[in-house]
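Working notes, beginning with the structure itself.
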Amino acid sequence: QVQLVESGGGLVQPGGSLRLSCVASGNIFSLSLMGWYRQAPGEQRDVVARITANGRPEYSDSAKGRFTISRDNAKNTVYLQMNSLKPEDTAVYYCNSINALGASWGQGTQVTVSS
């Protein structure tokens with residue numbers, strides 16, 4: 001199974017930006033569908049953005065126009081650039097990988113948007 005390690009979370013003011021990173025283990029990253037999900041307290045985990053193996057991005061309605069997902073296959077890393085952050089973006093953000101080995105999740109990174 002793939003190990004995923006997220007980083008880049010933190011506390012940011014409304015309107016600010018953060019970039020999340022997720023590094024994957026192994027040598028199957030370039031063949032993987034990668035995604036970012038988030039879960040706020042008391043709510044279900046929802047998709048934020050995904051990117052296919054050939055680099056095609058998909059976004060949730062709440063992420064469109066503010067967030068950008070990208071990947072660097074040479075570094076086994078997927079990124080989530082988040083701009084114009086809002087308090088409702090506060091959540092634990094999880095990295096997800098789907099490939100021939102199955103589905104894997106990272107441990108999550110906390111993003112808090114507050115003044």
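For labels at S84 and S60 in the simple 7 Å Cα→Cβ model, what's the distance in nm?
Calculated label separation equals 1.7 nm.
Could you derive backbone 3J(HN,Hα) for region 31-46 from the dihedral phi with the Karplus parameters 6.51, -1.76 and 1.60 (θ = phi - 60°), listing whole Hz in sequence and x where the residue is Gly or Pro?
Running phi through 6.51 cos²θ - 1.76 cosθ + 1.60 with θ = phi - 60° gives 9, 9, 7, 10, x, 10, 10, 9, 9, 8, x, x, 10, 7, 7, 10 Hz.
If you wrap a convex hull around the alpha carbons of region 23-86, what volume per residue comes out, as a whole number of Å³?
Working: hull volume 6.2 nm³, N = 64.
Value for region 23-86: 96 Å³ per residue.
Taking the convex hull of the alpha carbon atoms in region 47-115, what volume per residue do you get, in Å³? Don't skip to the answer; put the middle values down first.
Working: hull volume 7.0 nm³, N = 69.
Once divided by residue count, the hull of region 47-115 is 102 Å³.
With every protein chain left in place, what is the accessible area per residue of the chain in square angstrom, probe 1.4 Å?
51 Å²
If one computes the Cα centroid of region 61-115 and of region 1-48, what distance in Å separates the two points?
What the calculation gives is 3 Å, centre to centre.
Determine the percent antiparallel among the DSSP beta bridges restricted to the chain, to the nearest 5.
Numbers: 38 of 41 bridges.
Counting only bridges with both partners in the chain, antiparallel ones make up about 95 percent.
Send over the Kirkwood Rh of the chain, from the inverse of the averaged 1/r over different Cα pairs, rounded to one decimal Å.
Numbers: mean 1/r = 0.0717 Å⁻¹.
Kirkwood radius, the chain: 13.9 Å.
If you average the sequence gap of Cα pairs under 8 Å that are 6 or more apart and divide by the length of region 4-115, what percent do you get for the contact order?
Working: 269 pairs, mean separation 41.6, N = 112.
37 percent.
The values are calculated or read from the model by the stated rules, or taken from the named source; none is laboratory data. The shown structure was predicted, so the numbers you read here are calculated from the model rather than taken from an experiment. Heads up, the Cβs are rebuilt from the backbone with ideal geometry, glycines too, and the neighbour counts pull from every protein chain shown. Just the protein is used for accessible areas: all its heavy atoms, side chains included, with ligands, DNA and RNA removed. Shrake-Rupley method; radii C 1.70, N 1.55, O 1.52, S 1.80 Å.
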